[in-house]
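What follows is a single structure, written as structure tokens, with notes after it.
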Amino acid sequence: MSSSMNLETVEEGTQTPKAQMSKRKSINWPLLLLSCSFVAIGIIGGPLVSRLYYLHGGKRRWLTSCMQTAGFPILFLPLVSLFLQSRSQGVRSSMFFMEPKLFVLSACIGILLGLDNFMYSLGLSYTPVSTSSILFSTQLAFLAVFAFFIVKQKFTAYSINSVILMTLGSVILGLRTNGDRPAGVSNGQYLLGFFLTLASAALLGLIWPLIELSYSKAKRPVNYGIVLQFQTNLAISATLFSLTGMVVNKDFQAMGKEANEFGLGNGMYYLVLGAGAVVWQLSFVGGLGVIFCANSLLNGILSAVLLPITNIAAVLAYHENFNGEKAMSLVLCLWGFTSYFYGEYKMSKKNKTLENSTKTTHLEAGKVSSGCMFNSMEDMSILHQLRVTGRPARAPRIIEVRYPPLPSWVKLNTDGVAHGSPGHSSCGAIFRNSRGFAKGCFIAYLGIQNSMFAELMGVILAIAYRRA
């Protein structure tokens, strides 16, 4: 056993130094910019490449749905890197890999994602890219509704406004079916593509809260490695679902003939399919990178900013008709995006203000403070010098934190308590190894002391006990 120790103290209303450091961690700007570039390439290029396949004679919807997740082997590169890094740090394999429960949940959600990809591909084959991208952006409205029922995320005036605006945008697009209908597509096929794209947006709005709910079911803390494993297994399940559809639809047998008849040539046929798989996966990897470097809010804002660029790219590349109804729908969707994310920002700011307001200090010499104090050693010392008994602020929420120490390290948890200040006091500690087994413990009566003395003596006696 090494002489090194992993000292951890988690108290109500306090933060560990580790937590404080995580709040102030510097942003990896090169990685963030690279991730944003990947998201831009995927969101703009994915629909364009898929539409290119349909415009030049491609008719296999299961094939294009498979393209959206078939690039999952790219995810093995960061996974292997994280695994080797964890091994070098002495982390056991069982602690690196996700729990069986998460494996099953990710596989089930992956099947839903495969179905979502097929509906999107079928819808895109009957609608222009500009129309499809606007319709698909309504996933945010569906997400707000499903999040309310699944993860109990409350509705706000901003989220309700977002749902109404995006619904109006979809209705405006549906009022005119002849203005932007692609050549060779009947009115019935256009309407089918319209509603399938909306259904795809609704299903994706359901998938995101289900993923969040799955993470909450984990017994261990969910880190970036587990998130990456979850998403990889999800993509594999979606790809297997699409491959099954291809087998049933006999797409593999028809690919050779379709490649020979492809408008851009045989070689370009396979190049378009490969490019589609890579571009869609870049969007996926980039989204994970943006969330890891910054947060999911930035990823959503980035998607909103890229929406009009996707429409402009479709108009320039395929000369699609961009009429007044489509422009009005785009404005309403962007307004809905802005409303939703501004509401999230306001809610986050309000929660932070409420948290800080619980830490106000009201000093009244010779009496017990009627307000709440900051839970810090400095403020505690000042209060004692003024002979004021402080009332610690309650933690806004209680989070279970479990950090297993590395092999050969020892985890120490200490505590001290005083019945009154001063009053009868005692302290204690427990030592655990990397497997969570107790290696020793002690308790000690300290006489008439205050709670701060008891807490400090708990740490001092534990260090002395360990050295002895």
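Residue by residue through segment 80-98, note down the ones that are under 27 Å from L213 (Cβ atoms) and either aromatic (F, W, Y) or modelled with pLDDT of 90 or more (or both).
Residues satisfying the conditions are F83, F96, F97, M98.
With the structure loaded, tell me whether T127 is part of a helix (DSSP H, G or I) and crowded, with 24+ Cβ neighbours inside 10 Å or whether it fails that test. If you could, list the steps in order and put the result at the bottom.
On the way: part of a helix (DSSP H, G or I): no; crowded, with 24+ Cβ neighbours inside 10 Å: yes.
Criteria not met by T127.
Please work out if I43 is β-branched (V, I, T) and open to solvent by 30 Å² or more (accessible area, probe 1.4 Å).
Working: β-branched (V, I, T): yes; open to solvent by 30 Å² or more (accessible area, probe 1.4 Å): yes.
Yes; evaluated as a whole, the condition is true for this residue.
Check whether at least one residue in segment 100-115 is of a type in the set (F, W, Y) and over 26 Å from K219 (Cα atoms), and report yes or no. It would help to see each step written out before you state the result.
Within segment 100-115, the first condition is being of a type in the set (F, W, Y), and the residues that meet it are 103.
From the residues that got through so far, the ones that are over 26 Å from K219 (Cα atoms) too are none.
The answer is no; no qualifying residue exists.
Do we find that A254 is surrounded by fewer than 15 Cβ atoms within 10 Å (Cβ to Cβ), assigned to a helix (DSSP H, G or I) and aliphatic (A, V, I, L, M) in this structure?
Numbers: surrounded by fewer than 15 Cβ atoms within 10 Å (Cβ to Cβ): yes; assigned to a helix (DSSP H, G or I): yes; aliphatic (A, V, I, L, M): yes.
So A254 passes the test.
Can you name every residue in segment 317-343 that is in contact (Cβ under 8 Å) with a residue 12 or more places away in the chain and not in a helix (DSSP H, G or I)?
E320, N321, F322, N323
Do we find a residue being modelled with pLDDT of 55 or more and either assigned to a loop (DSSP other than H, G, I, E, B) or outside the structural domain of N260 (by the TED database) (or both) anywhere in segment 7-27? First the steps, then the outcome.
First, the residues of segment 7-27 that are modelled with pLDDT of 55 or more: 26-27.
Filter once more, so that each one left must be either assigned to a loop (DSSP other than H, G, I, E, B) or outside the structural domain of N260 (by the TED database) (or both): 26-27.
Yes: segment 7-27 contains one or more residues that are modelled with pLDDT of 55 or more and either assigned to a loop (DSSP other than H, G, I, E, B) or outside the structural domain of N260 (by the TED database) (or both).
Take the residues in segment 143-156 that are of a type outside the set (F, W, Y) and at pLDDT 80 or above, then tell me which one is nearest to L316 (Cα to Cα).
Of segment 143-156, the ones of a type outside the set (F, W, Y) are 143-145, 147, 150-154, 156.
Remaining after also requiring at pLDDT 80 or above: 145, 147, 150.
Working: V145: 35, A147: 36, I150: 41 Å.
The extreme case among them is V145.
Looking at G289, G276, which is the one that is at pLDDT 85 or above, at negative phi, open to solvent by less than 10 Å² (accessible area, probe 1.4 Å) and under 27 Å from the mean Cα position of the chain (by Cα)?
On the way: G289 fails: at pLDDT 85 or above.
One residue alone meets the criteria, G276.
Could you identify the single residue in L234, L228, L240 that is open to solvent by less than 70 Å² (accessible area, probe 1.4 Å), under 25 Å from L204 (Cα atoms) and out of contact with any Ser or Thr (no Cβ under 7 Å at 6 or more places or on another chain)?
Details: L234 fails: out of contact with any Ser or Thr (no Cβ under 7 Å at 6 or more places or on another chain); L240 fails: open to solvent by less than 70 Å² (accessible area, probe 1.4 Å).
Just a single option satisfies the conditions, and that option is L228.
Hey, can you tell me all the residues within segment 420-468 that are of a type in the set (V, I, T) and farther than 30 Å from S94 by Cβ? Spell out the reasoning first.
We begin by selecting, within segment 420-468, every residue of a type in the set (V, I, T); these are 430, 443, 448, 459-460, 463.
Selection gives I443, I448, V459, I460, I463.
Results for (1) assigned to a helix (DSSP H, G or I); (2) loosely packed, with under 12 Cβ neighbours inside 10 Å; (3) among the basic types (K, R); (4) in the same structural domain as Q231 (by the TED database), shown as yes or no for each residue.
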site: K59; (1), (2), (3), (4): no, no, yes, yes
site: T64; (1), (2), (3), (4): yes, no, no, yes
site: T69; (1), (2), (3), (4): no, no, no, yes
site: I74; (1), (2), (3), (4): yes, no, no, yes
site: L82; (1), (2), (3), (4): yes, no, no, yes
site: S86; (1), (2), (3), (4): yes, no, no, yes
site: G90; (1), (2), (3), (4): no, no, no, yes
site: S94; (1), (2), (3), (4): yes, yes, no, yes
site: M98; (1), (2), (3), (4): no, no, no, yes
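Quickly run through segment 85-141 and pick out the residues that are of a type in the set (S, T, N, Q) and touching a Cys at 6+ places or on another chain (Cβ under 6 Å). Walk me through how you get there before you give the answer.
The first filter runs over segment 85-141 and keeps only residues of a type in the set (S, T, N, Q), leaving 85-86, 88-89, 93-94, 106, 117, 121, 125, 127, 130-133, 137-139.
Of everything in segment 85-141, just one residue is of a type in the set (S, T, N, Q) and touching a Cys at 6+ places or on another chain (Cβ under 6 Å), namely S137.
L102 is checked against (1) open to solvent by less than 30 Å² (accessible area, probe 1.4 Å); (2) at pLDDT below 90; (3) farther than 30 Å from D251 by Cα and fails just one. What number does that condition carry?
Checking L102 against (1) open to solvent by less than 30 Å² (accessible area, probe 1.4 Å); (2) at pLDDT below 90; (3) farther than 30 Å from D251 by Cα, the one that fails is (2).
Kindly provide the set of residues from segment 173-194 that are aliphatic (A, V, I, L, M), modelled with pLDDT of 75 or more and farther than 19 Å from M119 by Cα, ordered by number. Steps first, answer last, please.
Applying the first criterion (aliphatic (A, V, I, L, M)) to segment 173-194 yields 173, 175, 183, 185, 191-192.
Filter again for modelled with pLDDT of 75 or more, leaving 183, 185, 191-192.
If the condition is that a residue be aliphatic (A, V, I, L, M), modelled with pLDDT of 75 or more and farther than 19 Å from M119 by Cα, then A183 is the only one that fits.
Suppose the filter is closer than 26 Å to Y54 by Cα, surrounded by 15 or more Cβ atoms within 10 Å (Cβ to Cβ) and in contact (Cβ under 8 Å) with a residue 40 or more places away in the chain; does I211 pass it? Spell out the reasoning first.
On the way: closer than 26 Å to Y54 by Cα: no; surrounded by 15 or more Cβ atoms within 10 Å (Cβ to Cβ): yes; in contact (Cβ under 8 Å) with a residue 40 or more places away in the chain: yes.
Answer is no for this residue.
For L140, work out the one condition from (1) modelled with pLDDT of 85 or more; (2) part of a helix (DSSP H, G or I); (3) buried (at least 17 other Cβ atoms within 10 Å of the Cβ) it doesn't fulfil.
Of everything listed in (1) modelled with pLDDT of 85 or more; (2) part of a helix (DSSP H, G or I); (3) buried (at least 17 other Cβ atoms within 10 Å of the Cβ), L140 misses just condition (1).
The values are calculated or read from the model by the stated rules, or taken from the named source; none is laboratory data. Quick caveat: nothing in here was measured; it's all calculated off a predicted structure. Every residue, glycine among them, receives a Cβ derived from its backbone with ideal geometry; neighbour counts consider all protein chains shown. Keep in mind that these areas ignore ligands, DNA and RNA; they rest on the heavy atoms of the full protein, side chains included. Shrake-Rupley method; radii C 1.70, N 1.55, O 1.52, S 1.80 Å.
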